[in-house]
Structures are given as structure tokens and as C-alpha cells.
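A quick write-up on the structure given underneath.
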Amino acid sequence: MKETIYTIPINAAFESAAQDGLCPVCSLHRGLEADSLEYILGAAMMEPDVRRETNRLGFCARHWEKMLAAQKRLPLALVTQSHLAELARNPQAKLADFESCYLCARVGAFLGRYYANIIYLWQSSPEFGRLFDSVPAICLRHSAGLVRCAKTALPKKESARFIKSMSARAEKSLSALHESVSVFCRSFDHRFANEELGEHKHSIERAAAYLVGEKL
Ligand SMILES: [Zn+2]
Ligand SMILES: [Zn+2]
């Protein structure tokens with residue numbers, strides 16, 4: 001399989017998710033974010049092809065925040081300088097598509113390859129299929145990404161099977177979170193004030209992480 005370079009990190013992410021219960025695609029996604037940030041503030045920022053794209057697309061608010069926090073002042077200043085020059089020459093492009101972001105586009109493209117390879121492994125390797133099933137949770141954001149990919153990558157019957165299993169998985173996670181948040185809500189009622197909250201204390205944080213992804 002020519003995509004072996006992707007199967008190694010995918011297997012590693014799913015194996016650790018089977019242990020720690022966190023979303024394996026969140027961990028792959030976080031890795032892509034970190035690599036892309038390092039890439040754009042490292043050697044790549046001097047590459048004319050990359051600079052042309054950063055000049056054109058710019059960055060979203062979330063990625064500006066991450067780049068500013070990375071404290072690579074000179075590379076960031078140079079990228080900003082030429083982006084501003086491009087914008088001053090042609091402000092219409094950004095005015096028409098304010099949301100465009102070089103890093104979102106780059107991370108999204110690599111994430112798409114991860115999705116395609118996860119689907120491929122799910123379909124072709126029974127061993128990976130078992131590992132996939134043993135992972136307790138895949139967040140809703142990444143479940144949606146996998147479902148979107150399965151619709152185009154798999155034959156109709158297999159795609160229906162995949163979507164059905166992802167729906168069942170989502171229903172289970174959502175019901176458990178709903179239950180946990182309900183216990184937390186109830187604790188504000190003075191009649192239940194003495195009940196031990198335990199893990200339900202962090203139910204809102206866990207719900208948010210499930211709904212949109214973990215620290216992304
Ligand atoms: Zn996730
Ligand atoms: Zn972005």
C-alpha cells in the first residue's frame with residue numbers, strides 16, 4: 001500500500017486512543033496543526049510558492065493567535081509584510097472571502113488524507129477494523145469528517161455499513177454525555193446538593209471536547 005506513511009501514525013493514534021479513551025483523530029489533527037505551524041514559521045516561509053499562497057489566503061483568527069503565541073517574530077513579520085503588500089494591491093480577494101486561511105487549507109488537505117486512509121484501513125484490514133471498534137470515542141467533528149469521506153471513498157453498501165456504525169457510536173456517546181451533563185445540572189438543585197459529583201464535574205468540558213474536538 002503506497003500510503004504506508006499514513007498508516008503508521010494512524011495505527012499509533014488508534015492504539016493510544018483505545019487506552020486513553022480520547023478521540024484518535026483529534027490527536028492526528030493536533031499533530032498536523034503543530035507541524036503546519038512549525039512549517040510556516042520555519043524554512044517554508046522563504047519558499048516563493050508557499051509565500052504566494054500565504055499572501056493570497058492569509059490566516060484565520062485562530063491561526064493568527066497560534067502564530068503570535070509561537071514567538072517567531074521575524075519569520076512572522078516577513079510573512080505579514082508581504083501578505084499586507086498583496087492585500088493592499090488587491091483587497092477585493094479578502095473582502096470576497098474573509099475566511100480563507102493558508103493553515104486551515106493545509107491542515108484540511110492532510111486531514112483529508114488521514115480520513116481516506118482510515119476508511120481504506122477500515123475496509124481492507126480486519127485487524128484495523130477491530131482496533132477501530134475498540135476505540136471508545138471519536139468526536140463528532142471527526143466522525144462527520146469520516147462519514148463525509150466514506151460517502152465518496154466506499155462502495156454504496158460498505159459506505160452504508162460505515163455510516164450506520166458511526167451513527168450508533170455517536171448515539172452512544174451523546175446519550176452518555178447527556179446523562180452526565182444532566183447529573184451536573186441537577187447538582188445546582190439544593191435537594192441534590194450533597195450528592196458526590198465525581199467525574200460529572202467536568203461533564204461540560206467533556207461535552208465540548210466531544211462536540212467540536214479536543215483542544216483544536
Ligand atoms: Zn476528534
Ligand atoms: Zn486557519
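The values are calculated or read from the model by the stated rules, or taken from the named source; none is laboratory data. The model shown is predicted, which means the values in this text are computed figures rather than measured ones. All Cβ positions, glycine included, derive from the backbone under ideal geometry; neighbour counts span all protein chains shown. Surface accessibility is based on the protein's heavy atoms, side chains included, excluding ligands, DNA and RNA. Shrake-Rupley method; radii C 1.70, N 1.55, O 1.52, S 1.80 Å.
Points worth noting:
- Dividing the convex hull volume of the alpha carbon atoms of the chain by its residue count gives 171 Å³ per residue.
- Heavy-atom accessible area with a 1.4 Å probe sorts TYR115, TYR39, TYR120, largest first, into TYR120, TYR39, TYR115.
- Stokes-Einstein translational diffusion, segment 103-195 - Kirkwood Rh over all Cα pairs, 1.567 mPa s, 4 °C, in µm²/s: 85
- Farthest toward positive dipole pole in the chain [+1 Lys/Arg, -1 Asp/Glu at C-beta], among LEU111, ALA88, VAL147: ALA88
- Scanning the chain for DSSP H helices at least 18 Å long along the axis (C-alpha atoms) with a Kyte-Doolittle mean no lower than -0.5 picks out 4-20, 24-40, 73-89, 102-124, 140-153, 156-186.
- Across the chain, C-alpha contacts under 8 Å between residues 6 or more apart give a mean separation that, scaled by the residue count, equals a relative contact order of 26 percent.
- Measuring from each cysteine beta-carbon in the chain, the ones with no other cysteine beta-carbon under 4.7 angstrom are CYS149, CYS185.
- Each residue, LYS201 and GLU65, gets one label point 7 Å from its Cα in the Cβ direction; the gap between the two is 2.6 nm.
- If R0 equals 30 Å, the separation of the Cβ atoms of ARG130 and VAL212 corresponds to a calculated FRET efficiency of about 0.60.
- Average accessible surface area per residue within segment 1-136, 1.4 Å rolling probe, Å²: 56
- Dipole in debye (nearest 20) - segment 1-117, about Cα centre, beta carbon charges: Lys, Arg +1; Asp, Glu -1: 360
- Euclidean distance of C-alpha centroids, segment 34-74 and segment 149-216, integer Å: 34
- Taking every alpha-carbon pair under 8 Å whose residues sit at least 6 apart, segment 1-100 reaches a relative contact order of 24 percent.
- Comparing ARG89, ARG191, ARG73 in a Gaussian network model of the chain, where Cα atoms under 10 Å apart are tied by springs, the biggest mean-square fluctuation is seen for ARG191.
- For CYS104, the solvent-accessible surface computed with a 1.4 Å probe is close to 60 Å², ligands and nucleic acids excluded.
- Taking the protein heavy atoms of segment 42-85 in the context of the full set of protein chains, the accessible area attributed to carbon and sulfur is 62 percent at 1.4 Å.
- Partners for LYS72 among aspartates and glutamates (Cα-Cα distance below 15 Å; same-chain residues under 8 apart left out): ASP35, GLU38
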